[in-house]
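The values are calculated or read from the model by the stated rules, or taken from the named source; none is laboratory data. Only a predicted model underlies this, so the values are computations on that prediction, with no experimental measurement involved. Every residue, glycine as well, gets a Cβ built from its backbone with ideal geometry; the counts of neighbours run over all protein chains shown. Quick note on the areas: whole protein, heavy atoms, side chains included, nothing else; ligands and nucleic acids left out. Shrake-Rupley method; radii C 1.70, N 1.55, O 1.52, S 1.80 Å.
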Amino acid sequence: MEKILVANRGEIALRIIRAAKDLGIKTAAIFSEVDKDSLHVRFADETVCVGGARPEESYLNIPRIIAAAEITGADAIHPGYGFLAENPSFAEACEDNNIIFIGPSSQVMKKMGDKAEAKKVMKEANVPVMPGSDGIVKNVGEALTIAEKVGYPVVVKAAAGGGGRGMRIARNDLELKTGFRMAQSESQAAFGDNRLYIEKYIENPRHIEIQILADSYGNVVHLAERECSIQRRHQKLVEEAPSTAIDEKLREKMGEAAVTGAKKLGYESAGTFEFILDEDDSFYFMEMNTRIQVEHTVTEMITGVDILTEQIRIANGEPLLIPTQDKIQLNGHAIEVRINAEDHTLDFTPRPGTINALHFPGGAGIRIDSHIYQGYKIPPNYDSLLLKLIAYGRDREQSRKRMLRALDEFVIRGVPTTIPLYREILTHPDFIQGRLNTNFIKNLGY
Ligand code: MV4
């Protein structure tokens with residue numbers, strides 16, 4: 001691999017460029033017209049403007065991105081997260097044009113994109129899955145039969161959905177009858193696919209995910225868990241590793257489940273198994289993410305493994321640097337917060353604008369992954385993530401205190417940010433105690 005085309009923007013584009021530089025691989029960046037002054041454009045060896053601000057013209061435009069790879073002579077494409085990262089047609093277009101897609105094969109990606117199919121594969125691999133329908137539920141009659149078997153509440157999910165999109169909770173027959181039909185038409189409108197499946201609904205779960213790495217020599221390891229329960233409308237706000245809910249025994253069980261699932265799939269790349277963890281420590285597979293994730297950083301901090309360079313090395317046919325589980329060691333604790341240009345007191349409304357003044361915190365245990373600089377103009381066309389602030393410590397309390405110290409040092413002027421929200425979360429008694437679940441933010445009143 002000699003040159004990677006970075007098919008993304010923002011902080012993750014920088015993260016990819018830095019990883020490529022660490023590996024001695026050249027980079028080419030694509031950008032949209034509004035991103036011409038972005039740092040990823042300045043840091044890449046070469047750049048190509050692929051179109052206008054609208055994602056359909058630029059970061060989502062498969063023919064233009066493939067053309068940019070051909071023009072620059074890139075032999076690989078990194079999709080980052082979001083945009084085309086989990087689009088099997090994009091991975092397939094790379095395969096058809098002899099470009100290495102830095103991720104799994106299009107066929108494996110497609111399988112995991114169908115959430116009912118993914119669940120079926122994991123069930124066959126003996127990975128625990130939530131009781132419910134065996135695959136697709138065709139009509140309301142079938143739905144009612146399943147609900148009777150597993151008991152209310154149940155949740156209706158779109159096979160083409162994922163990440164919480166197209167979910168509907170039903171607490172009785174009537175809610176299921178109306179909910180099923182609404183979910184069907186919503187899923188048809190959103191994804192052009194009305195296929196649904198049903199499972200038992202867990203009220204106050206934790207969201208725990210397991211990071212895995214799998215190379216093309218059959219080596220598969222897990223890098224332990226991330227706790228991602230603190231989120232709002234399926235947007236994660238705070239992530240940490242390890243989780244306060246997981247002891248060594250449970251970590252081994254969940255890690256083993258993820259490794260077994262990845263092997264069954266023939267998965268090759270970095271990937272994440274998303275589980276929900278019940279109050280009685282039962283865990284259930286929900287989805288697999290086939291991309292690099294925003295929150296990969298906390299895992300890097302506690303394992304010392306550079307997940308980006310490993311993902312690139314795997315795609316280049318190289319073996320894992322640490323190919324066996326017994327050599328993966330966990331050290332300390334890391335917390336990440338996603339700081340956005342938003343007014344969180346006004347329904348988290350995005351507030352694009354210009355960064356007039358900027359001072360980054362620093363010191364022991366602080367990492368910032370960001371594309372912003374003083375004078376940077378945040379375009380209104382994309383998500384409002386400004387930066388990821390990661391605090392590492394020998395234990396959870398030290399990382400929490402360092403995070404608060406860093407939040408206090410931060411100066412960002414010109415746009416409102418979610419920094420005050422994170423002060424509130426990190427000083428909350430339930431957070432301090434590690435008593436987390438997916439309703440944490442709702443319970444704060446947001
Ligand atoms: C669930 C669930 C409870 N029971 N499934 C939402 C995202 C998607 N990946 C799975 N999701 C959920 N599925 C059953 N059977 C609760 C959620 C859920 C959730 C999961 C992870 C993180 C945040 C969440 C917030 C609300 C609901």
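Helix-only mean residue ellipticity at 222 nm, the chain, DSSP H runs n ≥ 4 weighted -39,500 (n - 2.57), per residue, nearest 500. What is it?
Here the helix-only value at 222 nm equals -10000 deg cm²/dmol.
Lysines within cross-link reach of K36: Cα-Cα under 29 Å, excluding same-chain residues under 8 positions apart?
In chain and number order, the partners are K3, K21, K26, K236, K377, K388.
Write out the trypsin sites (Lys or Arg not before Pro) in segment 148-191 meeting two conditions: DSSP loop, and at most 14 other Cβ atoms within 10 Å of their Cβ.
Passing sites in segment 148-191 are R171.
Put C228, C49 in order of accessible area, largest first, 1.4 Å probe: what do you get?
The residues order as C49, C228, largest area first.
What are the lysines whose alpha-carbon lies under 28 Å from the alpha-carbon of K149, with same-chain residues fewer than 8 places away excluded?
Correct list for K149: K111, K115, K119, K120, K123, K138, K157, K177, K200, K253.
Of A116, A143, A91, which is the most mobile in a GNM of the chain whose springs link Cα atoms less than 10 angstrom apart?
A143
Which GluC sites (Glu not before Pro) does segment 1-70 hold that lie in a coil by DSSP with at most 16 other beta carbons within 10 Å?
E2
Are there chymotrypsin sites (Phe, Trp or Tyr not before Pro) in segment 128-230 that DSSP marks as loop and that have at most 13 other Cβ atoms within 10 Å, and which are they?
For chymotrypsin sites (Phe, Trp or Tyr not before Pro) across segment 128-230 that sit outside H, G, I, E and B with at most 13 neighbouring Cβ atoms in 10 Å, the list reads Y217.
With a sphere of radius 9 Å drawn around the Cβ of P350, what net charge do the other residues whose Cβ falls strictly inside it have (Lys, Arg +1; Asp, Glu -1)?
-2
What does the charge count around R195 come to, taking other residues whose C-beta lies under 15 Å from its C-beta (Lys +1, Arg +1, Asp -1, Glu -1)?
+3
For the chain, build the charge dipole from Cβ charges (+1 Lys, Arg; -1 Asp, Glu) around the Cα centre, then report which of I292, A183, L250 sits farthest towards its positive end.
A183
In whole percent, how big is the carbon plus sulfur part of the accessible area of the chain, probe 1.4 Å, protein atoms only?
47 percent
Under 5 Å between amide hydrogens, which residues at least 5 positions from I100 or on another chain qualify, with H placed 1.01 Å from N in the peptide plane?
Residues meeting the criterion, in which the H sits 1.01 Å from N, are A76, I77.
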